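*Asks:* Questions regarding the structure given below will be posed in turn.
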Amino acid sequence: MLQDLRDSNSSKFQVSEFILMGFPGIHSWQHWLSLPLALLYLLALSANILILIIIYQEATLHQPMYHFLGILAVVDMGLTTTIMPKILAILWFSAKAISLPECFVQMYVIHCFVGMESGIFVCMAIDRYVAICRPLHYPSIITESFVVKSTVFMALRNSLSTTLVPVLAAQRHYCSQNQIEHCLCSNLGVTSLSCDDRTINSIYQLVLAWTLMGSDLGVIVLSYALILHSVLKLNSAEAASKALSTCTSHLILILFFYTVIIVISITHAAAMTVPLVPVLLNVLHNVIPPALNPMVYALKNKELRQGFYKVLKLNIKDNNA
C-alpha cells in the first residue's frame, strides 16, 4: 500500500524545469568546445550579415537567385541564434536550467527554421533548373512575385506543420527525471523523459520528416538530375562547365544538410551506445551550414565575389567565371 501511495504521488508530480547537461560523456571537459563553437557562431553571424549587405548594396544582385540567398542568410542567423547563446551559457556559466515553456518554444523554432532552410533549398533548386533548362522562360517564371509567394508558402508550411511538435511534447507528463543529455531541447531528447506513452510523438516526428524533408529532397534531386541531363547535352564545354560550377556550391551545402539529418535519424533509431555522436552532429548541423553557406556561395559566384571586394574596398580584378 505504501508503495502504491509513492507511485501515485510520483505520477502526480510535474517537473518545473529541464536541465540541459550538455554533451553526454564529456561533461568534465566539454567547456573546451566553447571556443570553436563560439567562433563558428561569430563566423555564421558576420558572414551572413556581410552577404545581406552585399546583396542590398549591389544593384546587379537584385535578382531572384540572390533574394533566395538573402532569405537563406536570415534563416541561418535565426537558427544559430536560437541555440548557440544557450549552448555557450551552458559551457561557460553552467546555466543548464531551462523552463518547460522556454524548452518547448526552442523546440518549435528549431524545427521551423530547419524546415524553412530545406524549403529555401528547394526554391533555389527550382531557380537553377529554370535558369539552365528553360532559360528563355526564366524572366517570366522566376519573378519577384515568385520569390515572395514561394517564401510565404514555405514560411506558412513550416510554421504550421511543426506546431504539433512542441504541442504534443507539452502534453506528455514529466514526473521523474528532468536531466536532458543534450545542449538543446530536441523533440526526442525531451520526450524520452516523459512518464507516459510517447508513441504519438515519435510517429509525428517520423511523418514530418518524410513529408517535409523527404518531399523537399525528392524535388531537389529531381531538379538537379534534370539540370545534369540538360548540361550533358550542351555542345559547348565552356557553357557546361559554367552551369555545373554554378550548381556545385548548391549541391555541396544541400548534401551536407540532408546527409547529417539522415545520420542523426539513423543514430536515434539505432539507440546508439555512444549518445555523444547524435548530440554533437545535431549541434554541428545547426551551426556549420550557416557558417559555410555564405563562404561557399561567395567562392563559387563571380558576382558575389565582386560585391565582396567593393564592400571591403578591395581593388582586386576577378577573372574567374
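*Asks:* Note down the net charge around S99, summing +1 for each Lys or Arg and -1 for each Asp or Glu among other residues with Cβ under 15 Å from its Cβ.
*Replies:* Details: positive: K86, K96; negative: E17, E102.
Result for the neighbourhood of S99: 0.
*Asks:* Now for a separate question. Round to a whole number: what % of the accessible area of the chain belongs to carbon and sulfur, probe 1.4 Å? Could the numbers behind the result be given before it?
*Replies:* Working: 11190 of 16320 Å².
Answer for the chain: carbon and sulfur cover 69 percent of the accessible area.
*Asks:* In addition: Within the chain, what is the longest stretch that has no chymotrypsin sites (Phe, Trp or Tyr not before Pro) placed in a DSSP loop and near at most 14 other beta-carbon atoms within 10 Å? Can you show the working numbers first?
*Replies:* Details: sites that count: F13, W29.
The longest such stretch corresponds to 30-321.
*Asks:* Here's something else I'd like to know. Using a Gaussian network for the chain with springs between C-alpha atoms less than 10 Å apart, which of these wobbles most: P139, P64, P290?
*Replies:* Looking only at P139, P64, P290, the largest GNM fluctuation is found for P139.
*Asks:* Right, something else. Divide by every residue of the chain the summed helix terms, -39500 (n - 2.57) for each DSSP H run of at least 4, and state the resulting mean residue ellipticity at 222 nm, rounded to the nearest 500 deg cm²/dmol. Display every interim value, and only then the final one.
*Replies:* Working: 13 runs with 230 residues, N = 321.
Helices in the chain give a 222 nm mean residue ellipticity of -24000 deg cm²/dmol.
*Asks:* Write down the accessible area per residue of the chain in Å², having rolled a 1.4 Å probe over the full set of protein chains.
*Replies:* Working: 16320 Å² over 321 residues.
The answer is 51 Å² per residue.
*Asks:* Given that just one value was derived from the coordinates, which of (1) 65.4, 209; (2) 20.3, 63; (3) 22.3, 85 is Rg and Dmax of the Cα atoms in Å?
*Replies:* Here the calculated entry is (3).
*Asks:* Between H229 and A38, what length comes free when the chain is fully extended (0.36 nm per residue of separation minus the Cα-Cα distance, one decimal in nm)?
*Replies:* Details: separation 191, 0.36 × 191 = 68.76 nm, distance 4.20 nm.
So the chain would gain 64.6 nm between H229 and A38.
*Asks:* Still on this structure, please answer the following. Could you point to the residue in A73, L292, Q306 farthest towards the positive end of segment 17-312's charge dipole, with +1 and -1 charges on the Cβ of Lys/Arg and Asp/Glu respectively?
*Replies:* It is Q306, whose Cα lies furthest towards the positive end.
*Asks:* What number, in percent, do you get for the relative contact order of the chain if the mean sequence gap of Cα pairs under 8 Å and at least 6 apart is divided by its residue count?
*Replies:* Relative contact order, the chain: 28 percent.
The values are calculated or read from the model by the stated rules, or taken from the named source; none is laboratory data. On a predicted model such as this, the values are computed, not experimentally measured, just so you know. FYI the Cβ positions are ideal-geometry reconstructions off the backbone, even for glycines, and counts take in every protein chain you see. Surface areas here come from the heavy atoms of the whole protein model, side chains and all, with no ligands, DNA or RNA. Shrake-Rupley method; radii C 1.70, N 1.55, O 1.52, S 1.80 Å.
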